[in-house]
Each structure stands twice: as structure tokens, then as C-alpha cells.
Amino acid sequence: MPGLLSIADAGGPSINPKLARVYMIPVKDDDSGFDDGKERAFQYWPESLQDSRGDTGWQEKVVPGGSHPLLQWTQCGGRRVSFTVVFGRDRCELPDPADPRTDEIDLEENVDVAAAVAWLRYYTYPLYKDDDFRVIAPPKILLVFPGTALGWAAGGWADGLLCVMTSCDVTYTAWFPNGTPRLVEVSLEFAEIVQLGGRVAFHGRDMLENTFEQYPMRKQDY
């Protein structure tokens, strides 16, 4: 039976035990902090990441007879991050973590694909509290790409991005003979948020200044 790499193609994912893991931590429903007990990591590091901030908030004001409209800044649009992840397994029967013959790589290369999909879809559904007839919105998320400085925290850049999941599209590409999912690709999109714990922390350009000063390229004088 062909392995995961032959299914995903020769350039498909493989486990590198020395590579950092991308992971997510949900915010508690009462907004009091992060629910560390529900932290989970992606099986593989995504091959690419799209980081979009297309609307910077400049609005056109038409001036009769003018060669150009006047531009007035009102407010910034949102920031969105998207990427595709893969989950897969070579074995129909999952390896037993209690078996001393099972090594870590075997466990990491053979995950419960259906459980992985359920983990991601968890972030797209509300919670209904029948006792007091409340509806709680889908969880906020801390999305962490170690080493990337993708997000922002008080005092400067950080690897974690505070966000909500806005899209979770699953494509099943392989099954075992009994119908068990063997390989899926999941396209994810997240929208960055600035509210947590009843407070709003807008992002100003000053938080970028110290970072971009480390970029050395300058104009040349001729």
C-alpha cells in the first residue's frame, strides 16, 4: 500500500522532529485568559502563509473639476491570515501510544484525521447554554507561528496572533478501504482581532518602527 508521501505526491509533508510546530490556543468563554488545556498543534508546518491587509482606510472624496479625488483617511480595514494544512496517516489502525515499540514519529505520522477536522471545526461553532438560554460565540484564538513575529502583544511583536477563524474548508483526498479518512487538506482563514478581556487595544504604526529600523536597505547616492 502506498505511503502518505506517495499519496500527497513526492513533495508532500513529512515529520521533522526538530521543526517548530504551529499551534492554537482558545480563549476561555468568559474572556479571562487562554485555555491552555485545549492547546493543539498542526501535524505539519504549512507550506505557505498569506497575510493580507488590503484596505488601509483611505476614502475618495470627489472634487468637481479636479484631476484627482481628495483622499481622506477614516479607519483601517481588517487583517486576514490564510493557509492550507494537511492531516494524514499511513495506517488504518492507529498506533498504540502505550506500546513500547511505538516511537514518536510513528504517532505523529498517524493521527486521527477525523479528530483533527473536529478540532478545527470546533472554532467555527457557537455554544448553547440551555440552563440560562445563552449563546456563546465561537472561541477567539491565539494562533502561534513560532519564530515568525506574526502577531503583536503589549510591548512589541510576538509569534502569537489573536484572531477568530473565519473559514474552514476541508477537502478529503484519500480514504482507507473501510471508509476511514486517510488524507485531508484544510484551507483556513483567520481575522485578527484587537479585543480581549473587555478591552480594546488598537495597533498603531509606532509598534512597527523599532522592527523596521532593523531592515538595513537604504537609497543610494549617485
| Pairs with Cβ under 6 Å, 6+ apart, first in segment 29-41 and over 30 Å from L107 (Cβ atoms), second aliphatic (A, V, I, L, M) and part of a strand (DSSP E or B) | D29/I136
| field | strands (runs of 3 or more DSSP E) contained entirely in segment 33-99, each with at least 2 residues that are aliphatic (A, V, I, L, M) | value | 70-73, 80-88
| request: Select, from E213, E209, E189, the only residue that is acidic (D, E) and under 30 Å from L94 (Cα atoms). | output: E189
| query | Among the listed residues G88, G160, G151, which satisfies the condition of being in contact with a helix residue (DSSP H, G or I) (Cβ under 6 Å, 6 or more places away or on another chain), crowded, with 17+ Cβ neighbours inside 10 Å and either touching a residue at least 24 places away in the same chain (Cβ under 8 Å) or not aromatic (F, W, Y) (or both)? | reply | G88
| said: Taking the criterion of being touching a residue at least 40 places away in the same chain (Cβ under 8 Å), within 23 Å of L120 (Cα to Cα) and either hydroxyl-bearing (S, T, Y) or part of a strand (DSSP E or B) (or both), would at least one residue in segment 205-219 satisfy it? | reply: no
| said: Pairs please, first residue from segment 178-200 and aromatic (F, W, Y) and at pLDDT 95 or above, second anywhere and crowded, with 19+ Cβ neighbours inside 10 Å and in a strand (DSSP E or B), Cβ atoms under 8 Å, 6+ apart in sequence or on different chains. | reply: F190/V81; F190/I141; F190/L143; F190/L161; F190/C163; F190/M165
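Can you name every one of the strands (runs of 3 or more DSSP E) wholly within segment 135-187 that holds 1 or more residues which are of a type outside the set (A, V, I, L, M, F, W, C)?
151-153, 156-158, 160-175
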| request: Output the number of residues of segment 42-62 satisfying the condition of being closer than 28 Å to D112 by Cβ and in contact (Cβ under 8 Å) with a residue 40 or more places away in the chain. | output: 4
| request: Determine whether segment 59-77 contains at least one residue that is touching a strand residue (DSSP E or B) at 6+ places or on another chain (Cβ under 9 Å), surrounded by 13 or more Cβ atoms within 10 Å (Cβ to Cβ) and at pLDDT below 95. | output: no
| query | Among the residues of segment 94-122 satisfying the criterion of being touching a residue at least 60 places away in the same chain (Cβ under 8 Å) and closer than 13 Å to V184 by Cα, which is surrounded by the fewest Cβ atoms within 10 Å (Cβ to Cβ)? | reply | A114
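The values are calculated or read from the model by the stated rules, or taken from the named source; none is laboratory data. Note that the structure is a prediction, hence the values are computed from the model and not measured. In this analysis, Cβ positions are derived from the backbone assuming ideal geometry, glycine residues included, and neighbour counts consider all displayed protein chains.
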